[in-house]
Structures are given as structure tokens and as C-alpha cells.
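Below is one structure, written out as C-alpha cells, with a few remarks after it.
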Amino acid sequence: MLQAMTKDGIPVTLAMLTKAQINQLKQDRILFYCPACKQEVIIKAGIKTIAHFAHRSIAECPSHEGGESVYHERGKLMLYQWLKSQGLSVQLEIYLPNIRQRPDLLLNIHNKRIAIEFQCAVISMEEVRKRNAGYRAADITPIWILGGNQLHRISDSHFKLNQHQLPFIHQFSSNAIPSLFFFSNETRHFIIIQDIFLTGKNLAIGKFSIQRIDRLTFKDMFKEHALIPKDLCILWEKEKYKLRLKQPHRLFGQELAWHQWLYLKGIHRELLPSIIHLPVKHQFKMNTPPWNWQSRLFLDIIDPLPVGRPFSPRKINHLLRYHHYPADSFPLIHTNNSPVSEYLDLLSRLRIIIQTSDGNFIKRKSVQKPETVEQAIKQDKQLMHVLLKQNKGMISH
């Protein structure tokens, strides 16, 4: 821990002191205590680590969460200094006895309390849920900032988004753009990724905003930056091209099952209709790639129907019941927006289906299936042009 208390209850942050001051504390044999368990802690101030306090024994400390890395401690201290420099009321590692938690930083702003967690290692979904539930029980808003060491950027717009990072996507209201926050203490940069569209199981497109910490305010973190609709359409057209032409090296699990399902239907992946594999904002709520569940919905339910025949959302929900992550997998999302509903809305805008007053759908027209790869690529291009021209729904903001 970076901060401990004297016997008089005075907080001391070792990393804010000089080497001479720390040596003086040692010479004076000043005793320090953990704010959570009240047990004595010792000074750790080596050459390769940030000066910090450590328990002699961690077994009895209610706030113990495992040893913290130098990367984590350094970043946490930078974030604390950054907030302090803005004149904000912020506390470092303050223990909250009513919920038995110790956020990295606790910010008081406009009569609102915000817990900031700087997360640099993989933790379980259960732990994320537990901490968020604790904060909300205490009327504290949690904000999670991932360590820059957790970001795997591939290009200007592409990055890897693994399953362990999904719970840290923030969406502060139903109209807000989903956001991920990263901070690199090595480069002193914030990396904020917004307008996130998953293109596959662990790959995504997003709008990157990168800024040095000394050129960013806390309020700036929440400015929204969306992908330009034209850029998204161009990027997605390339994704559809890759799906058609890039041969998978290995198939297993869900992807193997999907290919086997296509084979039984007598359909080649390269010749899927263009309306399969479209961008929807909340794809991250699905545990299968967009081409998987969208193809099942269209080919199993819509395509076999004669024009004019109705189908119900209940039938869709039953078909895709295993394709969703559990509802509580996204504790920082404050909206019930459904990726399936977003896809159906796209099909409605393309006049393939129409929703009736009772909430059901009617097939409005049949979809032309490509007979060659060249024809499929041409149809993809035409479809993305139509979506861009409409400039509505999932393609714009």
C-alpha cells in the first residue's frame, strides 16, 4: 500500500517523501498502521520499487487483494497527483469500513463520490461484480481505468478486446457511447476507446483518443468521440471481405460448430448473403461473433418464410438463448439495448422486414443470395453504401 496512518491517525504517503525523509522516519522508529485492519505495517523503500508500506502478515486484513505491482503503484500515484493538480478533492487508498473495500482513489466532486480503480492485472468477473455492488451500495460511482499494459492495439482503429476486458466497458446512460479507459504510466498517456464495434470474437474497431495526462482534465475523459460513419462503413466492408476470403487456420469450439452448421445447410461461408455480418453497437453483449448469430437468425427464421409471413421475437430469443453473455456481465453498462434488436432494426431499415403494432415482425421481401465470391463482394459494397446513405441507426450517432 502507498499510504498508512501514524498512531495519531495522520495519513502518510511514502512515495511523496524524499529518500532523506523516509530514512528519518526509519531512524525515529515511527510506527505506521494499516487503515483497514489497524495492524502495524513496515516501510519498504528499495531501489527498484516505489516506496510503500507492507503488512507483516496479510491474513487478517479485510482489504487485502494481493500484492500490487510496481506498474500499478506508480500509475495509481500518477493518477492521484493528476487529480490533485486540478484542485479536486481526492483520497488515496481510503478504506471504506461499511463495505470493507479500499478503492485506489476516492474522488469527491459536486457532492458525488467516485471510486477510481486502476486495474493492471486480470481479475475474475465475480470480483468485478462484487466491488461494483459494494460501491453502489455506498452510493459511489465506480470508474475503472485499465493499465496501458492491458491494451493490444493493432492499427489506428483496430484492437484486441478479450473477454476479461468486457466488464470494464462503461456506458453512463442509454444514449452515451460505450467507452474503455486505459492509462499508461510508462508514456504518461490516457488512451480512451469509444464507439466500440466488435468485428469478431476478440477483435474490435473503435475511435481512439490519446492524450498526455498533463494535457487532459478529469472532465475531458467523458467527452464523446464517435467514428465517422463513412470510416465505419469502409472498415466494416473490409471486415466482410476478410470473412469471405480469409481461410481459418484452425477451427474449434463455437467456430467449428458454426462451420458444421453451414455445411449441413449446403452454404459456403464465402457466399453468405450480404445482410449477414453487419455492425451493431452492442455486439459485445454476445458471446459469438456477429456472423454466427446473425446467420442463424436470418437463415433459420427469416429466409425460409414466404414473403408476408410473420415471426415473433420470442422465436428469435429462443434460437439465440445461448449466444448472449449473462445480463450481469456488464456492471458498468446502464442500458438494456439489445444487439439482436439493433440487427432487426437494420433489417427493417433495409426493408427486409417490418415490425407490426403487436411487436411481431413480417418478412417484407426475399434476399438475393450471391452465386460467386465476386458477386458477394459487390453486394457487400452496395449494402454498406446504402447504410451510409441512410446515415441512421447503428451506423451513425
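Looking at residue 335 and the list (1) open to solvent by 70 Å² or more (accessible area, probe 1.4 Å); (2) in contact with a His (Cβ under 9 Å, 6 or more places away or on another chain); (3) of a type in the set (Ser, Thr, Tyr), which single condition is not satisfied?
Single failed check for residue 335: (1).
Filter segment 299-324 down to the residues that are closer than 30 Å to residue 230 by Cα and either open to solvent by 40 Å² or more (accessible area, probe 1.4 Å) or free of Cβ contacts under 8 Å to residues at least 40 places away in the same chain (or both), then identify the one that is farthest from the chain's Cα centre (by Cα).
Within segment 299-324, the subset closer than 30 Å to residue 230 by Cα is 299, 302-303, 323-324.
Going one step further and asking which of them are either open to solvent by 40 Å² or more (accessible area, probe 1.4 Å) or free of Cβ contacts under 8 Å to residues at least 40 places away in the same chain (or both), we end up with 299, 303, 323-324.
Numbers: 299: 30, 303: 33, 323: 18, 324: 16 Å.
Looking at the filtered set, the residue picked out is 303.
Looking at segment 218-236, is at least one residue part of a loop (DSSP other than H, G, I, E, B), among the aromatic types (Phe, Trp, Tyr) and either within 21 Å of residue 293 (Cβ to Cβ) or out of contact with any His (no Cβ under 9 Å at 6 or more places or on another chain) (or both)? I'd like the intermediate steps shown before the answer.
We begin by selecting, within segment 218-236, every residue part of a loop (DSSP other than H, G, I, E, B); these are 218, 223-228.
Now restrict to residues that are among the aromatic types (Phe, Trp, Tyr): 218.
Within this subset, residues satisfying the condition of being either within 21 Å of residue 293 (Cβ to Cβ) or out of contact with any His (no Cβ under 9 Å at 6 or more places or on another chain) (or both) are 218.
There is at least one residue in segment 218-236 that is part of a loop (DSSP other than H, G, I, E, B), among the aromatic types (Phe, Trp, Tyr) and either within 21 Å of residue 293 (Cβ to Cβ) or out of contact with any His (no Cβ under 9 Å at 6 or more places or on another chain) (or both).
For residue 222, are the conditions met, namely being open to solvent by 70 Å² or more (accessible area, probe 1.4 Å), within 30 Å of residue 177 (Cα to Cα) and within 21 Å of the chain's Cα centre (by Cα)? Before you say what the answer is, go through the steps one by one.
On the way: open to solvent by 70 Å² or more (accessible area, probe 1.4 Å): yes; within 30 Å of residue 177 (Cα to Cα): yes; within 21 Å of the chain's Cα centre (by Cα): yes.
For residue 222, the condition - open to solvent by 70 Å² or more (accessible area, probe 1.4 Å), within 30 Å of residue 177 (Cα to Cα) and within 21 Å of the chain's Cα centre (by Cα) - is met.
Report whether or not residue 388 is within 20 Å of residue 241 (Cα to Cα) and open to solvent by less than 50 Å² (accessible area, probe 1.4 Å).
On the way: within 20 Å of residue 241 (Cα to Cα): yes; open to solvent by less than 50 Å² (accessible area, probe 1.4 Å): no.
Judged against the criteria, residue 388 is not a match.
Which ones in segment 204-234 are out of contact with any Ser or Thr (no Cβ under 6 Å at 6 or more places or on another chain) and of a type in the set (A, V, I, L, M)? Spell out the reasoning first.
The first filter runs over segment 204-234 and keeps only residues out of contact with any Ser or Thr (no Cβ under 6 Å at 6 or more places or on another chain), leaving 204, 206-224, 226-228, 230-234.
Answer for segment 204-234, where residues must be out of contact with any Ser or Thr (no Cβ under 6 Å at 6 or more places or on another chain) and of a type in the set (A, V, I, L, M): 204, 210, 213, 216, 221, 226, 227, 228, 232, 234.
For segment 84-106, enumerate the residues that are buried (at least 20 other Cβ atoms within 10 Å of the Cβ) and in contact with a strand residue (DSSP E or B) (Cβ under 6 Å, 6 or more places away or on another chain).
Selection gives 90, 92, 93, 103, 104, 105, 106.
Working only within segment 139-186, note down all residues that are without any contact (Cβ under 8 Å) to a residue 40 or more places away in the chain, touching a strand residue (DSSP E or B) at 6+ places or on another chain (Cβ under 8 Å) and open to solvent by 40 Å² or more (accessible area, probe 1.4 Å).
Answer for segment 139-186, where residues must be without any contact (Cβ under 8 Å) to a residue 40 or more places away in the chain, touching a strand residue (DSSP E or B) at 6+ places or on another chain (Cβ under 8 Å) and open to solvent by 40 Å² or more (accessible area, probe 1.4 Å): 139, 141, 150, 152.
Conditions first: (1) modelled with pLDDT under 95; (2) under 21 Å from the mean Cα position of the chain (by Cα); (3) under 30 Å from residue 229 (Cα atoms). Residue 255 passes all but one, so which condition is the exception?
All conditions pass for residue 255, except number (2).
The values are calculated or read from the model by the stated rules, or taken from the named source; none is laboratory data. Predicted model only: the values in this text are computed from it and were never measured. Note: ideal-geometry Cβ built from the backbone for every residue, glycine included; neighbour counts use all protein chains shown. These accessible areas exclude ligands, DNA and RNA; they are computed on the full protein's heavy atoms, side chains included. Shrake-Rupley method; radii C 1.70, N 1.55, O 1.52, S 1.80 Å.
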